[in-house]
Amino acid sequence: MSWETSGGVGVPPIALGQPRPGLRLALVAIGVLVPLLAGFALHNHVVSRGEAVDAAWAQVESAHQRRADLVPALVETVKRHLRQESETLVAVIEARSQAVRLPASEHPPASEAELSRLGRAQGELGRDLARLVAVAETYPELRSADSFLALQAQLEGAENRIHVARLEYNDAVRAYNAAIQQLPAAWLAEARGLQRRAYFESDEGAEGARPLGLE
Amino acid sequence: MLDHSAWNSAGRGLAALCVCAALALALALGCSRDALAPAPAIVRDDAGLLADAQRAAIESQHAFLRSDYGIDYRVEIIRGAADLDTFAASRFHELEIGSAGRGGRGLLLLIDAEADQVRLEVGRAMEGSFPDAFVAWVEQRQMVPFFRAGAVGDGILAATELLVAQVQSELASGGFAELAAEGSAGGGARTAAHIGELPDPALREGPEVPAGDSPEATAAAYLLAMRARNADPDLDLYSAATRVMLARRVVTLAQMDTLVRMYRDCRAEPVRLDASGVRAVIRYPIEARRCPPWFLVREGERWRLDLATASSAIRFGRDNTWHFAAGAAHLYAFGFADWTLDRNGYPRG
């Protein structure tokens, strides 16, 4: 059939209501590709939320370690002045030992109970450190020493970093939990066996030493 | 019914229109962002603790900090944050502190006038240069003594001087310790501000330090007194005018520590005496730009430090190098007769 016989003027005689075979193929491809790409995007979104939780957890662990690393220097400084306060010193050393005994992990504890256990151990250390600093502050000579001021500042900084890291961790967990509970990501989470992550409850474990504010 | 070419042509036209609209929108958004986005405010004072002049001085100093060292340092005086530590971290994030600096370098000084607390929040990128212990030292040993005297603006400015000195020390020792990161991880320190409380009188007392029988002996005795953190304004080694000046002036532990450090590597030239033998100058080679000269006066047969004249005649630049105040006329000019001064008062050989 020539174009002229269709009455056109050099135009293919195809009506708009009848898509060409190529167009039909493209529509089918789009129909398959779009859901597939959407699935990939959803999967990547959930994965990136999960990685954000792990990254935030790494900050929490690093902050815990930072505090634990300060304890020997603090105990050593205080020991020189507070010979009669050995009970407080022993308590701090014990609490540190308990806290660092818990194995470090790339991933946060899966259950609330496990996270709570870790929080309690860290909280014990925080409270004992706060007690030690409070006792040390009653000794004017120690309180005015630059070395003690420096240690106290570093300790307070470590406590604050724990607090901030936990807030950021909870934010990351909140975003992750929301991501895996909303449809259609919830189907993906169920298929892949993804569980909701545990939160730190009310800053547990960081509250012990936070009132260390310098005077 | 539209034919195929008409359909294609319409499609191309629509596509072109969409592209143009998108470009126009992007351009408009970009322009409006540039036009509307205000430069971040350096100082915010909700408690009215700063006089206009002090506020301007802080803004000027912090603008230099931004241009010279790429540090985005903001100050906020607020009323009643429930938890200053948490507030500082969230405020740091909210204000995107560091965005106006280089490499995310940012600092936020928060003063809670109601809770009488001060916190300097240090961004992740600056934790290497400003460890918590250093920040606490700056707050307690430099800033708070001014706050006690009610001079909040002076305390902020005095603290910034130490921050600048620390950055310069980092640069001099081979590099600016910085971490390529944004935001704050909670670094810094919080301390009681003690605004308007009387200074601790014990800090203004110290053992007597006699004036020396030579200018060098008096300068050496002064450095020893500073090393011992003796802030007594009535020491024998001060001239009468200096004692009057020091009685009114805030002297901090950090200033004394910094002074001792500043002169540690300074090697003085021989003493220069004026014709009457009443005044003396101890100066350092011209290239030792961070070693300001000493002015001494003979009073009661002993050589005493004339810090009163020095404080009016000598100024320090942004990089802590000394120079003469513009147009300063003083009785110690004889000690610098062989130097020329540039128009800003900086000595030239």
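The values are calculated or read from the model by the stated rules, or taken from the named source; none is laboratory data. Note that this is a predicted model, so its numbers are computed, not measured. Heads up, the Cβs are rebuilt from the backbone with ideal geometry, glycines too, and the neighbour counts pull from every protein chain shown.
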Residue list for the range B:113-126, restricted to those being more than 9 Å from every other protein chain (Cβ to nearest Cβ) and either surrounded by fewer than 24 Cβ atoms within 10 Å (Cβ to Cβ) or touching a Cys at 6+ places or on another chain (Cβ under 7 Å) (or both):
B:Ala113, B:Glu114, B:Ala115, B:Asp116, B:Arg124
B:Ser214 meets each of (1) surrounded by 15 or more Cβ atoms within 10 Å (Cβ to Cβ); (2) more than 28 Å from the chain's Cα centre (by Cα) with one exception, condition (1)
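Okay, residues lined up against (1) away from chain B (no Cβ under 12 Å); (2) surrounded by 13 or more Cβ atoms within 10 Å (Cβ to Cβ); (3) modelled with pLDDT under 65; (4) touching a strand residue (DSSP E or B) at 6+ places or on another chain (Cβ under 6 Å):
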| site | (1), (2), (3), (4) |
| --- | --- |
| A:Arg20 | no, no, no, no |
| A:Leu27 | yes, no, no, no |
| A:Leu33 | yes, no, no, no |
| A:Phe40 | yes, no, no, no |
| A:His43 | yes, yes, no, no |
| A:Arg49 | yes, yes, no, no |
| A:Val53 | yes, yes, no, no |
Right, B:Gly104: on the phi > 0 side of the Ramachandran plot, in contact with an Asp or Glu (Cβ under 8 Å, 6 or more places away or on another chain) and surrounded by 21 or more Cβ atoms within 10 Å (Cβ to Cβ) or not?
yes
Going residue by residue through the range B:265-280, is there one that turns out to be under 23 Å from B:Glu161 (Cα atoms) and more than 14 Å from chain A (Cβ to nearest Cβ)?
yes
Is it the case, given these coordinates, that B:Asp236 is more than 12 Å from B:Trp294 (Cβ to Cβ) and at pLDDT 95 or above?
yes
Considering the range B:84-112 alone, what residues qualify as being touching a Pro at 6+ places or on another chain (Cβ under 9 Å) and among the small types (Gly, Ala, Ser)?
B:Ser99, B:Ala100
Only unsatisfied item for B:His194, checking (1) surrounded by 14 or more Cβ atoms within 10 Å (Cβ to Cβ); (2) farther than 27 Å from B:Ile111 by Cα, is (2)
In the range B:283-299, which residues are hydrophobic (A, V, I, L, M, F, W, C) and either closer than 18 Å to B:Ala241 by Cβ or free of Cβ contacts under 8 Å to residues at least 24 places away in the same chain (or both)?
B:Ala288, B:Trp294, B:Phe295, B:Leu296, B:Val297
Can you tell me which of B:Ile97, B:Ile156 is among the aliphatic types (A, V, I, L, M), over 18 Å from B:Gly183 (Cβ atoms) and in contact (Cβ under 8 Å) with a residue 24 or more places away in the chain?
B:Ile156
Residue count, the range B:256-305 (criterion: under 25 Å from the mean Cα position of the chain (by Cα), of a type in the set (Asp, Glu) and over 24 Å from B:Arg348 (Cα atoms)):
1
For residues that are outside any helix (DSSP H, G or I), out of contact with any strand residue (DSSP E or B) (no Cβ under 6 Å at 6 or more places or on another chain) and closer than 24 Å to B:Gly103 by Cα, scanning just the range B:128-168, find the one that is nearest to the other protein chains (Cβ to nearest Cβ).
B:Pro131
